[in-house]
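Let me begin by presenting the structure, written as structure tokens, before commenting on it.
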Amino acid sequence: MKMEEKFEPKIVAFLCKWCSSAGSDLAGVSRLKYPPNVVPITVMCSGSVSPNYIFSAFKKGADGVLVSGCHPGDCHYMKGNYYARRRITLVKELLDFIGIEPQRFHMSWVSAAEGAKFTEIISDFVKELEPLGPQNKLRSNL
Amino acid sequence: MVTLEELKDNCRQILKEGKVKYIIGYKRKNGQYMTVPAFLDRIEEVDHLVWDPSCIYNLVRYLRDEKMRKEKEKEPDTRPVGVIVKGCDSRAVNILIQENYITRDDVYIIGVSCEKSGIVDEKKLTKKFAGKDIRKLDFAGNGKIQVTCGTKNSVVPAEEILADRCIECTIPTPIVFDVLFGEKTDREVPDPFKTIKELESFDTTRKWEFWKEEMDKCIRCYACRSVCPMCYCDECVADSISLAVKPDTTAEEKAHKIRWVEKSPVISENFNYHLIRAMHLAGRCVDCGECDRVCPVDIPLRYLNRKMEKESLDHFGYTAGMEPEKPTLVSCFREDDPEEFIL
């Protein structure tokens, strides 16, 4: 008997080096459990996440993309996350406008102390993506 | 109303005084009613100058060519270039100044107000006057346009033949100018973002179906990029031509030259290109509608840029090209920018 394969969404997470990446690390060292569906990519600052990264992630087959940075006011570079917030607002609206499910793209603030919040965000994200199925809209069809 | 004679007189005057190197304006296409851009550097040529509802082009684009030319010359003529701008075009000049691409002294701005009317959409015009010999278009004042067919004049309400962007335009008067012709007018538009709101009201599947069909058509001719006054980068992120790999290209160089967009005109790459373009024009697009007009396969590219315009106004209260001394949309922030969507 063939087992029905369960859809496992793939999430690409751009985590800033100083807060969110440290937060995900904390989740690891505290032995908190969260779904293994996430591919973390450490960037220097959420403000350095170009929209190209996000579109590229979707093109290369990500089912969901997460951009995560320090809480407002806590940015290591003083104001990088404020710039990110503006830019990501526009990206989110644009993706929604062309018909990409809004659940596929999220932004979050995760500090270095919020390991628990990080696990929660990832588990919720996976739960949201499961009913949507694979993302084939922007996936490269070359 | 803009009086063409006054406009011509002013152009003759500044050319005579040597205030400007040349003037970029509009002239009639050989015996047709539509116009083409004209570069006037002699006083006699000013006679050909035209200002009517067929002046569809955004002449600000040519300031880029002028800048590139100037950079190559050993002893460049530093006099400004005269350019005839409509309301939307003047905001494009403002953005170039805001981004330090040109300085205010590089350009002598001759503003013309569209007042209650605007620029025609050639498709709508030829549809309305199908089979008729259109000779000339004129502003008739009070939101009307006079169309001369053969020897017969007919006056039609502007909305019937105006370009979509002109119907939605709220800033018909140039913001920045050295000399202005026509009146400063406000335009009451009940809902400037009506089409965008309609598209937004679709559900996800329908939105996707709509855009997928449009993007499938794209042949990647890059006409939208070539015509855009805002696309002035020396090396476009979408171009892999300049990223040619030669035998002596090092691994490091390759790593630094990522191919964000492949050249093949397939849906995913077309989407990528147009999404990147929309992002790069966010807070910069002045809705001059040129990309829309030149698209050989009629993709409504304006909608993407218009959507970004709507969001920058809704979320950040920012309209492109209004205040050149302030920072651009994405190079500044407010601490209380909306963040309801952030987890």
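The values are calculated or read from the model by the stated rules, or taken from the named source; none is laboratory data. Quick caveat: nothing in here was measured; it's all calculated off a predicted structure. Using ideal geometry, Cβ is built from the backbone for each residue, glycine included, and neighbour counts are taken over all protein chains shown. The protein model used for the area step is the full one, side chains on, heavy atoms only, and it has no ligands, DNA or RNA in it. Shrake-Rupley method; radii C 1.70, N 1.55, O 1.52, S 1.80 Å.
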Amide H of B:Cys149 versus every other amide H placed in the peptide plane: which residues, excluding those fewer than 5 positions away on the same chain, fall under 5 Å? B:Arg135, B:Ser154
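Just to verify a number: FRET efficiency for B:Glu200 and B:Asp133, C-beta to C-beta distance, R0 = 45 Å, to 0.05? Before the final figure, lay out the partial values.
Working: r = 42 Å, r/R0 = 0.93.
Computed FRET efficiency for B:Glu200 and B:Asp133 comes out at 0.60.
Would you list the membrane-span-like helices of chain B, meaning whole DSSP H runs whose alpha-carbon atoms span at least 15 Å along their axis and whose mean Kyte-Doolittle value is at least 0.0?
Correct list, ordered by number: B:87-98.
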On the full set of protein chains, 1.4 Å probe, figure out the accessible area of B:His280 and give it in Å² to the nearest 10. 90 Å²
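May I ask for the Rg/Rh ratio of chain B, computed from Cα atoms with Rh as the Kirkwood radius, given to two decimals?
Values: Rg = 21.4 Å, Rh = 21.9 Å.
Result: Rg/Rh = 0.98.
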Amide H of B:Ile56: which non-local residues (sequence gap of 5 or more, or other chain) have their own amide H closer than 5 Å, using H built in the peptide plane? B:Thr35
By how many nm would the segment from B:Asp9 to B:Thr185 lengthen if fully extended, with 0.36 nm per residue of separation less the alpha-carbon distance? 61.0 nm
When every protein chain stays in place and a 1.4 Å probe is rolled, B:Asp216, B:Asp186 sorted by accessible area with the largest first are B:Asp186, B:Asp216
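Could the peptides B:205-215, A:11-21 be put in order, highest first, of the mean number of other beta-carbon atoms found within 10 Å of their residues? Could the numbers behind the result be given before it?
Working: B:205-215: 16.2, A:11-21: 24.2.
Peptide ranking by packing, descending: A:11-21, B:205-215.
Which entries of B:Lys8/B:Lys184; A:Lys79/B:Lys212; B:Lys132/B:Lys307; B:Lys86/B:Lys124; B:Lys8/B:Lys124; B:Lys67/B:Lys136 have Cα-Cα distances beyond 31 Å here? Each step should come with its number before you reach the end.
Details: B:Lys8/B:Lys184 20 Å; A:Lys79/B:Lys212 37 Å; B:Lys132/B:Lys307 37 Å; B:Lys86/B:Lys124 21 Å; B:Lys8/B:Lys124 29 Å; B:Lys67/B:Lys136 34 Å.
Where the Cα-Cα span goes over 31 Å, the pairs concerned are A:Lys79/B:Lys212; B:Lys132/B:Lys307; B:Lys67/B:Lys136.
Taking beta carbons within 10 Å but only from partner chains, what does the mean come to for residues A:49-56?
Details: counts 0, 4, 6, 10, 1, 2, 9, 6.
Per-residue shielding by partner chains comes out at 5.
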Looking only at Cα atoms, what is the convex hull volume of the range B:190-336 per residue, in Å³? 164 Å³
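Taking 0.36 nm per intervening residue step and subtracting the Cα-Cα distance, what contour gain separates A:Tyr77 from A:Ala113 on full extension? Present the calculation step by step, with values, prior to reporting the outcome.
Values: separation 36, 0.36 × 36 = 12.96 nm, distance 1.82 nm.
So the chain would gain 11.1 nm between A:Tyr77 and A:Ala113.
Give the relative contact order (percent, whole number) for the range B:190-336; include only Cα pairs under 8 Å separated by 6+ residues.
Values: 117 pairs, mean separation 38.9, N = 147.
With pairs under 8 Å counted, the relative contact order is 26 percent.
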Using θ = phi - 60° and the Karplus relation 6.51 cos²θ - 1.76 cosθ + 1.60, list the HN-Hα couplings for the range B:120-125 in order, rounded to whole Hz, with x at every Gly or Pro. 7, 9, 4, 5, 5, 5
Reduced to Cα centres, the span from the range B:210-267 to the range B:311-343 in Å works out to 28 Å
Pair B:Asp314, B:Thr103: separation of 7 Å Cα→Cβ label points (nm): 4.1 nm
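Write down the accessible area per residue of the range B:124-202 in Å², having rolled a 1.4 Å probe over the full set of protein chains.
Per-residue accessible area for the range B:124-202 comes out at 55 Å².
Compute for chains A and B the buried accessible surface, both sides summed, probe 1.4 Å, and express it in Å² to the nearest 100. Could you put the intermediate results ahead of the total?
Values: alone 8450 and 18470 Å², together 22920 Å².
By this definition, chains A and B bury close to 4000 Å².
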I'd like the mean, over residues of A:79-91, of how many other protein chain beta carbons sit within 10 Å of each residue's own Cβ. 6
From DSSP H assignment alone, runs of 4+ in chain B each adding -39500 (n - 2.57), the sum over residues rounded to the nearest 500 puts [θ] at 222 nm at -10000 deg cm²/dmol
FRET efficiency for B:Met34 and B:Arg259, Cβ-Cβ distance as r, R0 = 30 Å, nearest 0.05? 0.15
The range B:23-64 to the range B:157-175: how many Å between their Cα centroids? 20 Å
In the range B:190-336, carbon and sulfur make up what percent of the accessible area (probe 1.4 Å)? 53 percent
Can you send over the carbon and sulfur percentage of the accessible area for the range A:1-102, probe radius 1.4 Å, protein chains only? 57 percent
Residue-normalised 222 nm signal for chain A, counting each DSSP H run of n ≥ 4 as -39,500 (n - 2.57), nearest 500 deg cm²/dmol, is -11500 deg cm²/dmol
Over the alpha-carbon set of the range A:11-132, divide Rg by the Kirkwood Rh and report the Rg/Rh ratio to two decimals. 0.95
